[in-house]
Amino acid sequence: MGLLTGMLFGFLLQKARVVRYDKQIGALRFQDMTIVKFMFSAIIVGMVGIHFLEFFGLVQLLYKPVVLGENITGGLLFGLGWGLLGYCPGTQGGALGEGRWDALWGILGMVTGAGLYAETYPFLKDNILNWGNYGYLTIPQLVGVNRWIVIIVFIAGVLALFRWFEKKGL
Amino acid sequence: MAQKNTDTGSWSPYIAGGLSGLVIIVSVLWTGQFFGASTSFVRSAGMLGKAFEPERVKQLEYFIRYLPQFDWQLMFVIGIFVGSLIAAVWSGSFKWQGVPDMWAERFGTSPVKRGIVAFIGGIIAMFGARLADGCPSGHGLSGMIQLAVSGLIAMIFFFVGGIIMTRIVYFGGKK
């Protein structure tokens, strides 16, 4: 099942040209917002569907806890590496799939990075990994409103963003 | 941005993205699996490490948490490669290229230079993704879909880091 799901996703990623370096870095340089359009389209469709199904008890949510030390330092580090590589962990297999073989170096780097992380994990665990642990938290819980209100506001914001992109020709 | 119009066989990112959203919904409904990618690199590193130093890998706590073996997500990541390959060959957009156009315009066409930077970028990105406990798939897509605060924070900092680095890399380049 994993393979099939990945194939569908990879097919769509390639079709939208999201896997390419020029598109990924293009977004970070505010020149081409293709990947942002793709991501947010997937997010709003998925958001409505998943919360709808969860409401009827058909699926279970499975999200990660808030740990500021991890989310912020890790997020920032990832971003810095991403800016150099121009591919992300999920899409670079797709980049290789369409013949962009510099992604191979990225894949090797990532396997190395994962190994390095495993080596330093015991040290990290005792230091930054627990800083700012707020546990499992969702945006509706944080703001204190019904989740459907958050979803509606989120979708409205995304649509406004899309409109702005199209107006600017990004 | 004239090249966008001549890129035949490409789909609107809104449509492809929306369809991906549907794929996520079906995946969660069917197998309970949300999208994610970076854990696969941990498992791969573990498998690779096992081939060279099996004793060391056995001792590392992180590889006990994420056992070095094939799982749904690793198959998913391999599937992305296969799916993209099919789409690219089918639509004739497959191109053997070791230096991206935007990179070549700024740094020349040396695949060695590009390779070194890509490798270092990969190390940093994956270290960061494991520290953040997710990447743009796990935190970005899956986290945001579930309205998780962790996903939102990580996503913001992915972009902050990325924007800072591209500013440095393409400093002074034409806008």
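The values are calculated or read from the model by the stated rules, or taken from the named source; none is laboratory data. Since the structure is predicted, the reported quantities are computational estimates derived from the model, not experimental observations. Cβ placement follows ideal geometry from the backbone for every residue including glycine, while neighbour counts extend to all protein chains displayed.
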Open item on the list: Please go through (1) more than 7 Å from every other protein chain (Cβ to nearest Cβ); (2) at pLDDT 95 or above for A:Leu84 and return the number of the only condition it doesn't satisfy.
Closed with: (1)
Task: The lone exception for A:Tyr87 - which of (1) in contact with a helix residue (DSSP H, G or I) (Cβ under 6 Å, 6 or more places away or on another chain); (2) more than 21 Å from B:Gly140 (Cα to Cα) it fails - done: (2)
TODO: Select from segment A:50-65 the residues that are surrounded by 22 or more Cβ atoms within 10 Å (Cβ to Cβ) and among the hydrophobic types (A, V, I, L, M, F, W, C) and list them in ascending order.
DONE: A:Ile50
- [ ] Test each condition in (1) under 17 Å from B:Gly46 (Cβ atoms); (2) in a helix (DSSP H, G or I) for B:Pro68 and report the one that comes out false.
- [x] (2)
Open item on the list: Could you check segment A:63-81 and list, in sequence order, the residues that are more than 7 Å from chain B (Cβ to nearest Cβ) and not aliphatic (A, V, I, L, M)?
Closed with: A:Gly69
Task: In segment A:6-49, residue nearest to the other protein chains (Cβ to nearest Cβ) [restricted to those that are among the β-branched types (Val, Ile, Thr), surrounded by fewer than 24 Cβ atoms within 10 Å (Cβ to Cβ) and more than 14 Å from the chain's Cα centre (by Cα)] - done: A:Val45
Task: Pairs with Cβ under 7 Å, 6+ apart, first in segment B:116-134 and within 7 Å of chain A (Cβ to nearest Cβ), second among the charged types (D, E, K, R) - done: B:Ala118/A:Asp102; B:Leu131/A:Glu70; B:Ala132/A:Glu70; B:Asp133/A:Lys64; B:Asp133/A:Glu70; B:Gly134/A:Lys64
Open item on the list: So, in segment B:48-65, how many residues would count as being in a loop (DSSP other than H, G, I, E, B) and either within 24 Å of A:Thr91 (Cα to Cα) or under 24 Å from the mean Cα position of the chain (by Cα) (or both)?
Closed with: 0
Open item on the list: Return the residues of segment B:12-29 that are surrounded by 17 or more Cβ atoms within 10 Å (Cβ to Cβ) and within 21 Å of B:Trp72 (Cβ to Cβ); say none if nothing qualifies.
Closed with: B:Leu19, B:Ser20, B:Gly21, B:Val23, B:Ile24, B:Ile25, B:Ser27, B:Val28
- [ ] Working only within segment B:1-26, note down all residues that are at pLDDT 95 or above and more than 7 Å from chain A (Cβ to nearest Cβ).
- [x] B:Ser12, B:Ile15, B:Val26
Task: Check on A:Gly74, more than 23 Å from A:Val150 (Cα to Cα), without any contact (Cβ under 8 Å) to a residue 24 or more places away in the chain and among the small types (Gly, Ala, Ser) - done: yes
Open item on the list: For segment B:65-103, which positions are touching a Pro at 6+ places or on another chain (Cβ under 8 Å) and buried (at least 23 other Cβ atoms within 10 Å of the Cβ)?
Closed with: B:Val77
Task: Failed criterion for B:Phe34 (all others in (1) more than 18 Å from A:Phe11 (Cβ to Cβ); (2) at the interface with chain A (Cβ under 8 Å from one of its Cβ atoms); (3) in a helix (DSSP H, G or I) hold) - done: (3)
- [ ] Go through (1) crowded, with 20+ Cβ neighbours inside 10 Å; (2) touching a residue at least 24 places away in the same chain (Cβ under 8 Å); (3) over 18 Å from B:Ser27 (Cβ atoms) and name the single condition A:Leu68 misses.
- [x] (1)
Task: Residue that is crowded, with 20+ Cβ neighbours inside 10 Å, touching a residue at least 12 places away in the same chain (Cβ under 8 Å), within 7 Å of chain A (Cβ to nearest Cβ) and more than 25 Å from A:Gly6 (Cβ to Cβ), where the choices are B:Gly161, B:Gly140 - done: B:Gly161
Task: Breaking point among (1) within 16 Å of the chain's Cα centre (by Cα); (2) free of Cβ contacts under 8 Å to residues at least 24 places away in the same chain; (3) in a loop (DSSP other than H, G, I, E, B), for A:Val59 - done: (1)
